[in-house]
Every structure is written in structure tokens, then in C-alpha cells.
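Read through the structure below, which is laid out as C-alpha cells, and then see the notes.
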Amino acid sequence: DTATAIRTPVQRDGYVTAEETDLTAETLTGAAAYDANDEWIGEVSELLLTDDGKVKAAVVDVGGFLGIGEKPVKLELSQMDILRAGDGTDIRVYISMTEEELKSLPDYEG
């Protein structure tokens with residue numbers, strides 16, 4: 001089962017793994033999402049929280065152009081690596097799937 005396989009966290013120069021305190025609606029909503037090939041594939045449009053207010057999943061709008069033709073997909077936090085620039089100015093979400101794999105996921109209906 002690949003969903004439970006341990007994956008190697010993504011690392012990028014100048015970025016550190018975001019702490020849980022960095023994972024807020026303010027910092028994550030609109031964050032750029034990148035695929036397994038390091039290509040921009042969309043952005044975080046919504047966060048889904050647990051009853052105690054922790055982020056449990058994110059909705060990422062994949063593909064599209066200027067907001068047209070985007071496909072919203074729900075991803076558990078365990079399916080992504082969230083990195084913060086060393087200076088704290090930029091949050092990026094890395095997803096270890098290709099854009100095609102993400103587009104094959106079911107649409108998130110809310």
C-alpha cells in the first residue's frame with residue numbers, strides 16, 4: 001500500500017520543513033504547490049481542520065490557467081511536505097505525485 005509507505009521528506013536549498021505553528025490558514029491558503037517533478041501545479045485553496053483546530057488536510061486546486069479549469073483535490077497532510085523559506089517569507093507545498101496523478105484523483109466537493 002503506497003499510501004502508508006514511508007516517504008523521504010522533500011528538501012530544498014534555502015527552505016526548512018515548516019513547523020506545525022507555521023501551518024495556519026493565513027500562511028497556507030494560496031501557497032504554491034509543486035509536484036514530484038518540482039513543477040508548479042496549483043495552489044492551496046482551502047484547509048480542512050480537525051475538531052481541535054489542527055490542519056488535517058488541504059484542498060489543492062490543480063492545473064488550470066488564471067483560475068479556469070482548475071481541479072480541486074483533497075490531500076491529507078501526510079501526502080505533502082510543507083516547506084518554509086529560511087527567512088520565513090515563503091511557504092511551499094510539495095506533493096510527491098505528478099500533475100497527471102493528482103488530476104486522476106476525485107474532485108473535492110466540499
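Quick notes
- Estimated 222 nm signal from helices in the chain, with DSSP H stretches of n ≥ 4 weighted -39500 (n - 2.57), rounded to 500: -1500 deg cm²/dmol
- For Thr98, distant residues with modelled amide H under 5 Å away: Ala36
- Spin-label model distance (nm) - Glu19 vs Ala85, 7 Å beyond Cα toward Cβ: 1.9
- Close amide H contacts of Tyr15 (hydrogens built in the peptide plane, cut-off under 5 Å, sequence separation of 5 or more or a different chain): Gly86.
- Cα centre as origin, Lys/Arg/Asp/Glu Cβ charges: the chain dipole, Debye: 100
- Accessible area, probe 1.4 Å, largest first, for residues Val10, Val62: Val10, Val62
- With at most 10 neighbouring Cβ atoms within 10 Å, loop GluC sites (Glu not before Pro) (DSSP) excluded, longest segment of the chain: 40-108
- Our coupling estimate for segment 89-100, obtained by passing each phi through the Karplus curve with A = 6.51, B = -1.76, C = 1.60 and θ = phi - 60°, is 8, 9, 10, 10, 10, 10, 10, 8, 9, 7, 4, 5 Hz, Gly and Pro reported as x.
- Taking N as the residue count of the chain, its C-alpha radius of gyration divided by 2.2 N^0.38 Å amounts to 1.01.
- Short-range pairs are left out: with C-alpha atoms under 8 Å and at least six residues apart, the relative contact order of the chain is 27 percent.
The values are calculated or read from the model by the stated rules, or taken from the named source; none is laboratory data. Being a predicted model, the structure only gives us computed values, none of them experimental. Ideal geometry is used to build each Cβ from the backbone, glycine not excepted, and the neighbour counts take in all protein chains shown. Side chains included, ligands, DNA and RNA excluded: accessible areas come from the protein's heavy atoms. Shrake-Rupley method; radii C 1.70, N 1.55, O 1.52, S 1.80 Å.
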